[in-house]
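One structure is given below, encoded as structure tokens.
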Amino acid sequence: MKEHLKYLLLIVVIVGQIIGAVLLFVNMKLAITFYIIYLIALILLISLFINERLKEKKEDEDHDYRDY
């Protein structure tokens with residue numbers, strides 16, 4: 001489930017940035033809306049990556065066999 005969410009957020013971030021840049025020339029209010037959506041998706045994506053990395057580090061520490 002988290003993998004699907006990461007891919008979805010990654011697509012939203014990429015498309016949101018492109019559409020926001022194009023809409024800057026067409027409709028400023030809509031462009032700002034897309035940039036807000038882009039920013040929220042980017043923050044969620046970064047937090048998912050950080051949580052995943054912390055989980056991996058904790059698992060690595062739990063399975064550390066250097067003491068043997």
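The values are calculated or read from the model by the stated rules, or taken from the named source; none is laboratory data. As the structure is a prediction and not an experimental result, all values here were calculated from the model. Quick reminder, even Gly has a Cβ in these numbers, built from the backbone with ideal geometry, and neighbours come from all protein chains shown.
Restricting Ala41, Ala21 to residues that are assigned to a helix (DSSP H, G or I) and in contact with a Leu (Cβ under 8 Å, 6 or more places away or on another chain) narrows the list to Ala41.
Let's see how each residue does on (1) at pLDDT 90 or above; (2) in a helix (DSSP H, G or I); (3) not hydrophobic (A, V, I, L, M, F, W, C):
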position: Leu48; (1), (2), (3): yes, yes, no
position: Lys55; (1), (2), (3): no, yes, yes
position: Glu59; (1), (2), (3): no, yes, yes
position: Asp67; (1), (2), (3): no, no, yes
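For beta carbons closer than 9 Å, sequence separation of 6+ or different chains, a first residue in the stretch 4-27 that is within 12 Å of Leu42 (Cα to Cα) and a second that is not in a helix (DSSP H, G or I), there are no qualifying pairs.
Per-residue answers, yes or no, for (1) at negative phi; (2) small (Gly, Ala, Ser); (3) surrounded by fewer than 14 Cβ atoms within 10 Å (Cβ to Cβ):
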| residue | (1), (2), (3) |
| --- | --- |
| Val13 | yes, no, no |
| Gly16 | yes, yes, no |
| Leu23 | yes, no, no |
| Asp60 | yes, no, yes |
| His63 | yes, no, yes |
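Restricting the stretch 36-61 to residues that are among the β-branched types (Val, Ile, Thr) and closer than 22 Å to Leu23 by Cα, the residue that is nearest to the chain's Cα centre (by Cα) is Ile43. With respect to being at pLDDT below 90 and assigned to a helix (DSSP H, G or I), Lys29 falls outside the description.
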